[in-house]
Amino acid sequence: MNYCVVDAESLPSYLTSTGSLTRAFKTVCRGFHIEQKCLRRNAPFYTRECLLLDNGRPLVWARSVLFSTHNETIATFYRLGSQSLGERLLFAAENRSTNKGVSSIEANKATRGTLVRGPYTFFEVSGADPDLQAAMADGVSPTVNYGRSSQFTWPHHDSVLFLSEVFSPYAETVLA
């Protein structure tokens, strides 16, 4: 698999949006859901891989890696299952203020304080590895997909989350 960093100027606007990706898909996809594929625990590292789907059709493959010793953040991350990382952890405070998300005590403790998002790095993935290719397959085997990665930090409890997302060509048609 080859990665090539690309300039944000040449990318569709949906890739550069800093808002909740789940929220964007929920507004245009009737059958949106999240399927957790993998969850690994190797304290203080926690890794989650999932697919964002529209009626079973892949939109985005996402991998998040949390580095934390903060119990509430770890608990929230580890219990996500088919729930949205953005809605439950990254944008939970925003969701509560607009009455659009979960208002659990667990999410409140995990998101208390300032969350800082670093800049995106954008990339193209070509010659995808068999696991990614299988996850993104929907009858067509694309040779190039766009992706992005970013870093979130909670300075008040020294937690860091790295998020990488690879978009299927179908995602581009849905969000364009």
Original post:
Given the structure, is Val125 modelled with pLDDT under 80 and hydrophobic (A, V, I, L, M, F, W, C)?
Top reply: no
Original post:
So, of the residues in the range 18-63 that are polar (S, T, N, Q) and free of Cβ contacts under 8 Å to residues at least 12 places away in the same chain, which turns out to be farthest from Tyr170 (Cα to Cα)?
Top reply: Asn42
Original post:
Is it fair to say Arg40 is farther than 16 Å from Phe167 by Cα, surrounded by 13 or more Cβ atoms within 10 Å (Cβ to Cβ) and modelled with pLDDT of 95 or more?
Top reply: no
**OP:** Those residues that are under 22 Å from Phe91 (Cβ atoms), in a helix (DSSP H, G or I) and not small (Gly, Ala, Ser), I need them from the range 1-51; list them, please.
**Re:** Tyr14, Leu15, Thr16, Leu21, Thr22, Arg23, Phe25, Lys26, Thr27, Val28
**OP:** For residues that are surrounded by 13 or more Cβ atoms within 10 Å (Cβ to Cβ) and β-branched (Val, Ile, Thr), scanning just the range 2-27, find the one that is farthest from Phe123 (Cα to Cα).
**Re:** Thr22
Original post:
Given the structure, is Leu53 in contact with a Ser or Thr (Cβ under 7 Å, 6 or more places away or on another chain), among the hydrophobic types (A, V, I, L, M, F, W, C), buried (at least 18 other Cβ atoms within 10 Å of the Cβ) and more than 24 Å from Thr73 (Cβ to Cβ)?
Top reply: no
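The values are calculated or read from the model by the stated rules, or taken from the named source; none is laboratory data. Treat the numbers as computed from the prediction; the structure is a model and nothing was measured. Glycine also receives a Cβ, built like all others from the backbone with ideal geometry; neighbour counts cover every protein chain displayed.
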